[in-house]
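Have a look at the structure below before the remarks.
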């Protein structure tokens with residue numbers, strides 16, 4: 001009976017055995033370091049660095065106490081100047097806008113980069129009656145916006161016989 005083992009096969013054992021996933025790892029590494037992908041990964045990093053991501057909503061609670069509506073919005077990392085309140089009929093809109101200009105210069109490599117980002121998000125809350133803007137009170141402290149809107153009672157109409 002003939003064996004399929006050759007006497008020279010023992011010499012081949014000195015060669016390093018190739019790692020089974022070496023090519024896959026190399027392909028993944030090449031893929032992740034290519035310029036378009038690197039830019040995409042950088043944008044993901046930028047997304048998680050910003051306290052208020054683009055297009056993201058923010059948490060809003062509306063509580064009815066019997067005499068007023070208390071609306072609370074959680075806005076961590078936002079400055080008071082970035083918040084706008086708008087009233088239209090029975091709708092209150094809370095808008096947050098952040099514009100940043102980032103400039104990077106390196107005179108040695110003559111590299112100049114200017115990046116402008118604008119982030120905006122808004123939430124609209126409905127109240128069951130027209131809002132009187134003169135009676136609203138708003139405060140902002142420690143990333144928490146609180147708006148108090150007095151409840152208005154409608155007029156009672158007597159029905160004649």
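Scan region 127-161 for residues that are modelled with pLDDT of 85 or more and loosely packed, with under 10 Cβ neighbours inside 10 Å and jot them down. Scanning region 127-161 gives 134, 141, 142, 157, 158, 159, 160. Answer yes or no: is there a residue in region 94-106 that is assigned to a loop (DSSP other than H, G, I, E, B) and farther than 18 Å from residue 142 by Cβ. Within region 94-106 (the criterion being assigned to a loop (DSSP other than H, G, I, E, B) and farther than 18 Å from residue 142 by Cβ), the answer is no, since none of the residues qualifies.
Residue-wise test of (1) closer than 19 Å to residue 150 by Cβ; (2) in contact with a helix residue (DSSP H, G or I) (Cβ under 8 Å, 6 or more places away or on another chain); (3) at pLDDT 90 or above.
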| site | (1), (2), (3) |
| --- | --- |
| 46 | no, no, no |
| 51 | no, no, no |
| 57 | no, no, no |
| 63 | yes, no, yes |
| 66 | yes, no, no |
| 71 | yes, no, yes |
| 76 | no, no, no |
| 79 | no, no, no |
| 85 | yes, no, yes |
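Figure legend. Inter-residue proximity from region 132-161: first residues at negative phi, second residues in a helix (DSSP H, G or I) and surrounded by 10 or more Cβ atoms within 10 Å (Cβ to Cβ), beta-carbon distance below 8 Å, spacing 6+ or different chains. Indicated pairs: 140/80; 149/135; 150/135.
Within region 66-93, being without any contact (Cβ under 8 Å) to a residue 24 or more places away in the chain and outside any strand (DSSP E or B) holds for 79, 81, 82. I'd like the full set of residues that are modelled with pLDDT under 75 and surrounded by 10 or more Cβ atoms within 10 Å (Cβ to Cβ), limited to region 101-119. Passing the criteria: only 112.
The values are calculated or read from the model by the stated rules, or taken from the named source; none is laboratory data. As the structure is a prediction and not an experimental result, all values here were calculated from the model. Because the Cβ atoms are built from the backbone with ideal geometry, glycine has one as well, and the counts that use them run over all protein chains shown.
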